[in-house]
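Trainee: One structure follows; several queries about it will come next.
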Amino acid sequence: MKKLTVNTPSNTYDILIERGILDNCDKFILPLLSGKRVLIVTDSNVCKLYLNRVKNALLKRGLLVATHIFTAGEQQKHIDTVEEIYNTLSENEFTRKDCIVALGGGVCGDISGFAAATYMRGIDFIQIPTTLLSQVDSSVGGKTGVDTKYGKNLVGAFYQPKLVLIDPDTLDTLTDHYFADGMGEVIKYGCIYSEELFEFLEKNDIKENIEEIILQCLKIKAEVVSKDEKESGLRMILNFGHTTGHAIEKLSAFSLSHGECVAKGMMLITLASEKLGLTEQGCVLKIARLCQKCGLDTDINFPLHDIADSAKNDKKGADKKLNIVLIDKIGSSFIHTIDKKDFARFLCS
Ligand code: GLY
């Protein structure tokens, strides 16, 4: 078993990575519980694959296990879905001592975490991520929340889990598309923080080494969020490729998935920064090659001006400045602040 510890001002917790850990998750969850009730939140796809394994492991310890299954899909990252979780918690008489287990991908973790942060002003929650994207990124660091009609993640809370359990075997049931989607975030970690990881991804078979790759990504994530839990500085680097990526996601009416948009976003922003001399020459080509190796499409199918407009509007509020994350070379990143009005010129340079 591989173990990492995340040490934030709000909470210190472990990330445990082991094949088959779903079947003995009780061993790690039980010591953390203050109450007897556990609500497993999962979606309509994941429930068919993994719910019984987690549920049975907890039931054999005499816990009162309730389940809440929501329809799979990004559209469910909505306050109404969270309200339905509150209702299930109330109907099953959950108190502040009880616990939510999020079993699934990023949407499941985000809405379950937000329900946990707000039900009775905060109950414990545990993440069991089952997609590559949630295993390497969203299950760690405590970003929880929902989308509103005005934008993604506009309502939420920083709320750290008590534990993150990762079973790399769950990746076997991911489609190639969703495996590649997660690789968008994996490549991001190499770009912003670790040339060694980037080169490892270039030279090695990804699926054969996925456990080691997850570990290396999470080492970076744990270090970054331990230093800057609430994104007042360093944590911003985790948003590399996201300003332009979110814009592409929105322009595609969410027909493109998050990780594939992050890949396109990384390419686009690095293309501009390379032209402006802010990034070492050749990085775009390296990122493009690695994305292609991982099955990620790097074509940009929207006009740059539309992407710039959409990105500018995504960052709402009175702030006239935009913090964009750039890399100076593979493995090293920095924050570049520009006026919002100059973003289109920056991107089209
Ligand atoms: N996914 C970026 C972050 O957790 O900050």
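The values are calculated or read from the model by the stated rules, or taken from the named source; none is laboratory data. Everything numeric here is computed off the predicted structure, so don't read it as measured data. Cβ sites come from the backbone with ideal geometry, for glycine too, and all protein chains shown count toward neighbours. For the accessible areas, the whole protein counts, side chains as well, though only heavy atoms, and no ligand, DNA or RNA atoms are used. Shrake-Rupley method; radii C 1.70, N 1.55, O 1.52, S 1.80 Å.
Trainee: Return yes or no: is Thr337 closer than 29 Å to Val6 by Cβ and away from the ligand (no atom under 16 Å from the Cβ)?
Mentor: Here the answer is yes, as Thr337 does meet what is asked.
Trainee: I would also like to ask the following. Of the residues that sit in region 280-307 and are of a type in the set (S, T, N, Q) and within 25 Å of the chain's Cα centre (by Cα), which one is modelled with the lowest pLDDT? Step through it out loud before you land on a result.
Mentor: Narrowing region 280-307 to residues of a type in the set (S, T, N, Q): 281, 292, 298, 301.
Within this subset, residues satisfying the condition of being within 25 Å of the chain's Cα centre (by Cα) are 292, 298, 301.
Values: Gln292: 97, Thr298: 91, Asn301: 87.
Applying the filter and picking the extreme gives Asn301.
Trainee: From the residues in region 112-145 that are over 27 Å from Asp23 (Cβ atoms) and more than 16 Å from the ligand (Cβ to nearest atom), which one is farthest from the chain's Cα centre (by Cα)?
Mentor: Met120
Trainee: Of everything in region 27-49, what is surrounded by fewer than 18 Cβ atoms within 10 Å (Cβ to Cβ) and charged (D, E, K, R)? Give them in sequence order.
Mentor: Selection gives Lys27, Lys36, Lys48.
Trainee: Go through region 72-85 and count every residue that is in contact with a strand residue (DSSP E or B) (Cβ under 7 Å, 6 or more places away or on another chain), among the polar types (S, T, N, Q) and open to solvent by 30 Å² or more (accessible area, probe 1.4 Å).
Mentor: Result for region 72-85: 1.
Trainee: Can you go through Asn56, Asn52, Asn11, Asn7 and tell me which one is open to solvent by 80 Å² or more (accessible area, probe 1.4 Å) and in contact (Cβ under 8 Å) with a residue 60 or more places away in the chain?
Mentor: On the way: Asn56 fails: in contact (Cβ under 8 Å) with a residue 60 or more places away in the chain; Asn52 fails: in contact (Cβ under 8 Å) with a residue 60 or more places away in the chain; Asn11 fails: open to solvent by 80 Å² or more (accessible area, probe 1.4 Å).
Just a single option satisfies the conditions, and that option is Asn7.
Trainee: Mind checking which helices (runs of 4 or more DSSP H) fall wholly inside region 179-281 and carry at least 2 residues that are buried (at least 23 other Cβ atoms within 10 Å of the Cβ) and within 16 Å of the ligand (Cβ to nearest atom)?
Mentor: 210-227, 242-251, 258-275
Trainee: Which count do you get for residues in region 86-122 that are aliphatic (A, V, I, L, M) and open to solvent by 10 Å² or more (accessible area, probe 1.4 Å)?
Mentor: Here the count works out to 3.
Trainee: What number of residues within region 113-170 are assigned to a strand (DSSP E or B) and polar (S, T, N, Q)?
Mentor: Going through region 113-170 one residue at a time, the tally reaches 4.
Trainee: Please list, ordered by first then second residue, the pairs with beta carbon atoms under 6 Å, 6 or more apart or interchain, first in region 137-166 and modelled with pLDDT under 95, second within 13 Å of the ligand (Cβ to nearest atom) and open to solvent by 50 Å² or more (accessible area, probe 1.4 Å).
Mentor: Short answer, once both residue conditions are applied: none.
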